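Enquirer: Have a look at this one.
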Amino acid sequence: MKLNKASLFALFAVLELASDPERQLSTTDIAEKYDISTHHLAKVMRNLVHEGLVQAVRGAGGGYRFAGNVNRTTLLDVIQLFESLSSELDVPNQWSHAGDPIIVELQAITREIDDLTKSVLDTVTLATALKSTRQRAETSAHGTDATAPPSSTQRS
Amino acid sequence: MKNQFSIRNAKQSDFDAIIALDQFGPKGDKTDYWRGIFDHYVRGGRKDRLFLVAETDEAIVGFIVGEVRAWEFGSPPCGWVFALLVQPDAREMGIGKRMFDEISNRLKEAGVTTVRTMVERDNKLTMSFFRSLGLRTGKYIELEKTID
């Protein structure tokens, strides 16, 4: 599974806002904290507002506020706004069809994998993700650095 | 519904209440099943076989059943929770969490350090509940097929 930048930025924003539903933050606040593109995040925020996950608060001191339900909204709810997680087989346009049975078998296998992926992401609520994130931060504060992502998950 | 509840070991006299409560679980006549469960997990009085109920002033509103199992599927001794139910109008009061925490403590006292359960993949509510308690996909995968 590969998550695109929009999904990742959306999860940064949604989890940041959901960690304190009373608080309002601007796109710049969030972009600065996570060191990500304000321009790209602004597009993501418009999408999140449109889907009702965050609310835009107008006026001086305005910004965004979390508008979902931390115990009901799942990671998949957020990710699916930005991408489909279905596996794709890069089948050439022209070919002999000798491989058809293999393609059908591979499709059945990737469906099994996709179902598991979705089942995991659709049962981790924002509340669960926030709790795990905090626990990791606490563990890291007590010595072992559990928050440092391995190189394969670093930003490109 | 009052928010006060307590957790205790199930007793033989809880049988009818458990059968009644189980109408909120998967449908079917499970009287024989529960008779077997009571024989095994209530009468035995063993500390590695656990059947707990959650009770308010008025009624039993939840149950959890589990035990220590060893060497099945090649696994060293491990705690299993194989039944958990909270009456729908008593949910979101923390009863499920309290029962799970209690059975986990008892399983630990019985000598294991891991607790497992199995959930139907499409059962989002139950799966989310266990994930909220910190459970993650374990190192065993359930496999099955239709027998021709």
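Enquirer: Once whole DSSP H runs in chain A are found, which of them have Cα atoms spread over 30 Å or more along the helix axis and a mean Kyte-Doolittle score of at least -0.5?
Expert: TM-like helix candidates: A:100-121.
Enquirer: Also, quick follow-up: Let me have the 222 nm mean residue ellipticity of chain B computed from DSSP H runs of 4+ only, each contributing -39500 (n - 2.57), with the sum over all residues rounded to the nearest 500.
Expert: Result for chain B, helices only: -7500 deg cm²/dmol.
Enquirer: Within 10 Å of each Cβ in peptide A:68-79, how many partner chain Cβ atoms are there on average? Round it to a whole number, please.
Expert: 1
Enquirer: Any idea what diffusion coefficient the protein assembly as shown gets from Stokes-Einstein, in µm²/s, Kirkwood Rh on alpha carbon pairs, 20 °C, 1.002 mPa s? The partial results should precede the final answer.
Expert: On the way: Rh = 22.9 Å.
Taking Rh from Cα pairs, D becomes 94 µm²/s.
Enquirer: Run the quick spin-label model on A:E105 and A:S26: label points 7 Å from Cα toward the beta carbon, then report their separation in nm to one decimal.
Expert: Label at A:E105, label at A:S26, 5.9 nm between them.
Enquirer: What's the magnitude of the charge dipole for segment B:6-132 around its Cα centre, counting Lys and Arg as +1 and Asp and Glu as -1 at the beta-carbon? Answer in Debye, nearest 20.
Expert: 480 debye
Enquirer: For segment B:51-86 and segment A:1-17, what is the separation of their Cα centres, given in Å?
Expert: Segment B:51-86 and segment A:1-17 have Cα centres separated by 37 Å.
Enquirer: Then there is this: Sequence gap of 8 or more, or different chains, plus Cα separation below 19 Å: how many lysine pairs satisfy both in segment A:5-146? Provide the component values of the computation, followed by the final result.
Expert: Working: A:K5/A:K33; A:K5/A:K43; A:K5/A:K118; A:K33/A:K43.
Taking the Cα cut-off of 19 Å, the pair count is 4.
Enquirer: Run the quick spin-label model on B:Q23 and A:N93: label points 7 Å from Cα toward the beta carbon, then report their separation in nm to one decimal.
Expert: Reported label-point gap for B:Q23 and A:N93 is 6.3 nm.
Enquirer: Add -39500 (n - 2.57) for each DSSP H run of 4 or more in chain A, then divide by its residues: what number comes out at 222 nm, to the nearest 500 deg cm²/dmol?
Expert: -16000 deg cm²/dmol
Enquirer: What lysines could a cross-link reach from B:K47, if we take a straight Cα to Cα line under 20 Å and drop same-chain neighbours fewer than 8 places away?
Expert: Within reach: B:K11, B:K108.
Enquirer: On average, how much area does the Cα convex hull of chain B cover when viewed from any direction, in nm²?
Expert: If I average the Cα hull's projected area over directions, I get 10.0 nm².
Enquirer: Let me ask something additional. Quick one: longest stretch of chain A between exposed loop GluC sites (Glu not before Pro), exposed meaning at most 11 other C-beta atoms within 10 Å and loop per DSSP?
Expert: Maximal segment without exposed cleavage sites: A:89-156.
Read the figures in this text as sums done on the coordinates, not as results from a lab. Predicted, not measured: the structure shown is a model, and the values here were computed from it. Positions of Cβ are generated from backbone atoms using ideal geometry, with glycine treated the same way; all protein chains shown enter the neighbour counts.
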